[in-house]
Amino acid sequence: MLASLGCGNPTALAELRQGETVLDLGSGGGIDVLLSARRVGPSGKAYGLDMTDDMLALARENQRKAGANNVEFLKGEIEHIPLLDNSVDVIISNCVINLSADKDRVLREAFRVLKPGGRFAASDVVTRGAIPEALRRDMLLWVGCIAGALDENDYRLKLAVAGFEAIGVEPTRVYKVNDAREFLSGKGVDVDAIAPLVDGKFMSAFVRAKKPGQNAMEKAAAFCEPTCCGA
Ligand SMILES: C[S@@+](CC[C@H](N)C(=O)[O-])C[C@H]1O[C@@H](n2cnc3c(N)ncnc32)[C@H](O)[C@@H]1O
């Protein structure tokens, strides 16, 4: 539990199978990687990717304590995934993509490393409905991880632009006025004025999508060649 800083449980929702290769984007203390490693078994592999030395050290210590051999923690950024194209069956991520300043790049990278037919299964913070820009900016100062959240429809759109299909965004917890009070209190802001404005607009969600299968990818490539996609 101490190793978890997430906002959901993507390993429970991702339906991992024995023998699969899983990649956790922003693996932190490694809890979701270790849970995934158990689910994919000794014939599978679980990678964690994180950019912070402290978190990698904690994750490797947790791996040692768990005695997990089918696990590897990689140093790097989720915007530049240090793995080959078409090498991963499932990408999971727990409360990290909302932190990235370049979500399009993260989703393009996720698409690149997934095998055809591979699954994307992330827990993330998303927003619903209009949020005044000034309020969003202020939220960045008060609670950084919430302010970077995408609107649920923009998330769907970005996944589609990256090439994904079967896209779904399912709320797992909608933050209400009292949650907002909890986040904002002690931050030097007028909680009574702000809390009602953010009521019901921020939520933890399970975001799922699929990379099209081999046939669909081949058809798309044939359709694009030789010049119409501007490559
Ligand atoms: C909120 S914590 C979540 C950790 C973990 N997923 C969990 O559920 O406990 C965010 C983690 O993502 C990492 N992180 C944030 N932005 C990143 C990026 N652009 N590339 C790689 N790691 C990143 C941080 O170092 C941190 O370990």
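Annotation: the residues S123, S27, S185, sorted from fewest to most other C-beta atoms within 10 Å of their own C-beta, follow the order S185, S123, S27.
The label-point distance for Q214 and E182, in a model that sets each label 7 Å from Cα toward Cβ, rounds to 4.8 nm.
May I ask for the angle, rounded to the nearest 10°, between helix 31-40 and the longest principal axis of the chain, with both axes built from Cα atoms and the value confined to 0 to 90°? Orientation of helix 31-40: about 30 degrees from the principal axis.
Which is farthest toward the positive dipole end of segment 1-80 among F73, L34, Y47, measuring Cα position about the Cα centre, with Cβ charges +1 (Lys, Arg) and -1 (Asp, Glu)? Value computed over the given set: L34. Rounded to the nearest 10 degrees, the angle from helix 103-113 to the longest Cα principal axis of the chain is 20 degrees. Here the Kirkwood formula, the inverse mean of 1/r across different C-alpha pairs, assigns the chain a hydrodynamic radius of 18.5 Å.
In summary, the convex hull built on the alpha carbon positions of segment 34-84 has an orientation-averaged projected area of 3.6 nm².
Helix 152-162 axis versus longest C-alpha principal axis of the chain: approximately 20°, rounded to the nearest ten. Taking every lysine pair in the chain that is 8 or more places apart or spans two chains, those with Cα atoms closer than 25 Å amount to 27.
For R38 and N86, a Förster radius of 30 Å and the Cβ-Cβ distance give a FRET efficiency of 0.75, rounded to the nearest 0.05.
Where a number appears in this text, it was derived from the coordinates with a stated rule and is not lab data. Just so it is clear, the model here is predicted, and its values are computed rather than measured. Every residue, glycine among them, receives a Cβ derived from its backbone with ideal geometry; neighbour counts consider all protein chains shown.
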